[in-house]
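Quick one: the structure is below, questions incoming.
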Amino acid sequence: MSIQEKCGVFGVYNHPRAAELTYYGLHALQHRGQESAGIVTSTGDKFHHHRDMGLVTQVFTKETLDALQGEMAIGHVRYSTSGESLLQNAQPLVFRYREGNLAIAHNGNLVNAELERKLLHDQGGIFQTTTDTEVIAHLLARSSREKFEDAAVEVLARIQGAFALLIMTEKKMLIALDRHGLRPLTIGKLHDAYIAASETCALAAVDAKVWREVEPGEWLVIDQNGIQTGRFAPRNKLSLCSFEFVYFARPDSVIHGKSVLATRKDLGRNLAKEHAVNADVVIGVPDSSLPAALGYAEESGIPYEMGLIKNSYVGRSFIEPTQDLRELAVRLKLSAVGDVLEGKRVVLVDDSIIRGTTSRRIVKLIRQAGAREVHVRISSPKVRNPCFYGIDMPTKEELLANKWDEEEAMGHAIGADSLAFLSERGLLDAVDVDLDELPNRCIACFGGAYPTEPSLT
């Protein structure tokens, strides 16, 4: 994989250890963003906040968490898909406007952000960051509505694209999901507290019980009077990003009642039904592809083995100016098990191919370990189109599937004996989509049909 996760959001309302719970929740969502992390808390009349570049465990210490007082908090882990990788872009973003303090944590990408930013600039708006999230704050500040929730609903109806949003004032928390439901967002309960999180694995990390998922086009405001709910957009057909099931979400999460782990195994089973091959062993690329490899092995009857081992302690690679150093960088992250691979016909299961560079290096690594044949099987369709909703995807011209149309040519490009991809039907079947109706998963990166208006993408 060469695409990157998006972001993760986590919020707590009415808990005496709100900052601590948010810390653990963000830690569970670390896979969704490793560039920066932040937490904002409220005591009811004052904000406390801390954010920095790095992993959750690097950003927060006991001292910083102790300083984050209050029974309400929102937190964020980020990978930059909109805006540069700078501290000023780390979230939650904190602002001061006429009604007081405002904090925003956003997972997703606004497709009309540039248009709105230009309009705001023309009206005298001054931006402090390069993220699309700041556009939301400017629109809130400029709303003529007196009540916060009325202004928020007005803004939610105006912005377009993907957003799972947590917006906090000193006394209120707003939770909202875009009209297409492109991002997962779930609410849980922990005694008298409400918890909002990008994934259910983060709720489990703080021992919260799942209450319900936020619906597309829905907003909720929680304050001392309880919960208000409403809609800023009509109820549309769900278009959840299919890559949540393929790659992004943690395997122990549940999305719309569907286990991510079980879905990935089903992807592998469908892949084996569609693209069988005579082989001796099935292996997966750690970590996200392992469930699909297990499913492929179970369906095909070919033994599953741990043929690749991932080094969990390798951070980001720095400058890799030569081919030799690039090869070494792969070896730092992955090592091949010679006892498993030597002399074998190997089925290598991966979740996707983007540029093909990483796949080519992994195939070479397996051959160097003594594999006789390497047959690559991908548990998703060909990625042919860029994503505009918060995934760091290469341009259309850079995608391997657009350079080589035939799978035989693509397989040759990555050094494999054969290459095959799961069909769109196989993908949708694994995530329990009614195949007689329009898909309720976003598969734009595969098929090109974007949920938002073409003029916005």
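Give me the distance in nm between label points sitting 7 Å out from Cα along the Cα-to-Cβ direction at Asp432 and Ile309, one decimal.
About 3.8 nm separates the two model spin labels.
Next up: Need one word for the stretch 206-261: rounded, prolate or oblate. Basis is the Cα gyration tensor (sqrt eigenvalues a ≥ b ≥ c); a/c below 1.5 gives rounded, then a/b vs b/c decides.
oblate
Rounded to the nearest 500 deg cm²/dmol, what is the calculated helix-only ellipticity per residue at 222 nm for the chain, with -39500 (n - 2.57) per DSSP H run of length n ≥ 4?
It lands at -8000 deg cm²/dmol.
In the chain, what percent of the accessible surface is made up of carbon and sulfur (1.4 Å probe, ligands and nucleic acids excluded)? Mind showing how you got there, number by number?
Values: 9290 of 19070 Å².
Looking at the chain in its full context, I get 49 percent from C and S.
Now a separate question. Using a 1.4 Å probe on the protein heavy atoms only, what accessible surface does Lys273 show? Give it in Å² to the nearest 10.
Accessible area of Lys273: about 130 Å².
Going by accessible area, probe 1.4 Å, with all protein chains left in place, what is the ranking of Met168, Met53, largest first?
My answer, sorted largest first, is Met53, Met168.
To continue, here is another question. Quick one: what are the phi-derived ³J(HN,Hα) couplings along the stretch 37-51, Karplus 6.51/-1.76/1.60 with θ = phi - 60°, whole Hz, x for glycine and proline?
8, x, 9, 10, 10, 9, 8, x, 9, 8, 8, 10, 8, 8, 8
Report relative contact order for the chain in percent, whole number only (criteria: Cα-Cα under 8 Å, sequence separation at least 6). Provide the component values of the computation, followed by the final result.
Numbers: 1073 pairs, mean separation 61.6, N = 457.
Relative CO of the chain lands at 13 percent.
I've got another one for you. Separation between the Ala262 and Leu87 pseudo-spin-labels, each 7 Å from Cα along Cα→Cβ, expressed in nm?
According to this spin-label approximation, the distance is 4.6 nm.
Which ³J(HN,Hα) values, rounded to whole Hz and listed in residue order, are derived for the stretch 342-353 from phi using the Karplus coefficients 6.51, -1.76 and 1.60 in 6.51 cos²θ - 1.76 cosθ + 1.60 with θ = phi - 60°, glycine and proline given as x?
Those phi angles translate into 4, x, 9, 8, 10, 9, 9, 9, 10, 8, 6, 10 Hz.
Using the Karplus curve 6.51 cos²θ - 1.76 cosθ + 1.60 with θ = phi - 60°, work out ³J(HN,Hα) for each residue of the stretch 185-198 in order, rounded to whole Hz, and write x for Gly and Pro.
7, 10, 10, x, 10, 9, 6, 8, 9, 9, 10, 10, 8, 5
Give the long-range amide H neighbours of Val285: residues separated by 5 or more places, or on another chain, with amide H under 5 Å away, using H modelled in the peptide plane at 1.01 Å from N.
Val349
Let me ask something else about it. How do Arg372, Arg441, Arg179 stack up against each other in accessible area, from largest to smallest, with a 1.4 angstrom probe?
Arg372, Arg179, Arg441
Moving on to the next point. For Cα extents along the principal axes in Å, the listed values are (1) 60, 56, 42; (2) 68, 52, 48; (3) 70, 48, 44; which was obtained by calculation from the structure presented?
(3)
Rounded to the nearest 20 debye, what is the charge dipole size of the chain about its Cα centre when +1 sits on each Lys and Arg Cβ and -1 on each Asp and Glu Cβ?
In total the dipole reaches around 340 debye.
Still on this structure, I have one more. When we measure straight from the Cα of Lys118, which aspartates and glutamates land under 16 angstrom away, once same-chain ones fewer than 8 places off are left out?
Straight-line reach from Lys118, under 16 Å: Asp132, Glu134.
So which of Lys237/Lys273; Lys46/Lys209; Lys265/Lys310; Lys258/Lys382 end up more than 27 Å apart by C-alpha?
Checking Cα-Cα distances, Lys237/Lys273; Lys46/Lys209 exceed 27 Å.
Cα to Cα, under 19 Å, and not fewer than 8 places away if on the same chain: which aspartates and glutamates meet these conditions relative to Lys189?
Lys189 reaches Glu20, Glu71, Glu199, Asp207, Glu213, Glu215, Glu218, Asp223, Asp252.
Setting aside same-chain residues fewer than 8 positions from Lys396, which aspartates and glutamates have a Cα under 14 Å from its Cα?
Asp405
Another one. May I ask which residue of Ala137, His121, Pro216 lies farthest towards the positive end of the charge dipole of the stretch 119-253, with charges of +1 (Lys, Arg) and -1 (Asp, Glu) on Cβ and the Cα centre as origin?
Checking the options against the dipole of the stretch 119-253, the answer is Pro216.
Which shape class applies to the stretch 167-239: rounded if a/c is under 1.5, otherwise prolate when a/b exceeds b/c and oblate if not, where a ≥ b ≥ c are the square roots of the Cα gyration tensor eigenvalues? Intermediate results must be reported in sequence, preceding the final value.
Values: a/c = 2.21, a/b = 1.22, b/c = 1.82.
Verdict is oblate for the stretch 167-239.
Using a 1.4 angstrom probe on the protein heavy atoms only, could you order Glu116, Glu274 from most to least accessible area?
Per-residue accessible area, sorted high to low, gives Glu274, Glu116.
The values are calculated or read from the model by the stated rules, or taken from the named source; none is laboratory data. This one's a predicted model, so the numbers in the text were calculated from it and none came from an experiment. So basically every Cβ, Gly included, is an ideal-geometry build from the backbone, and we count neighbours across all protein chains shown. Each accessible area value is taken on the protein alone, full model and side chains, heavy atoms only, with ligands, DNA and RNA left out. Shrake-Rupley method; radii C 1.70, N 1.55, O 1.52, S 1.80 Å.
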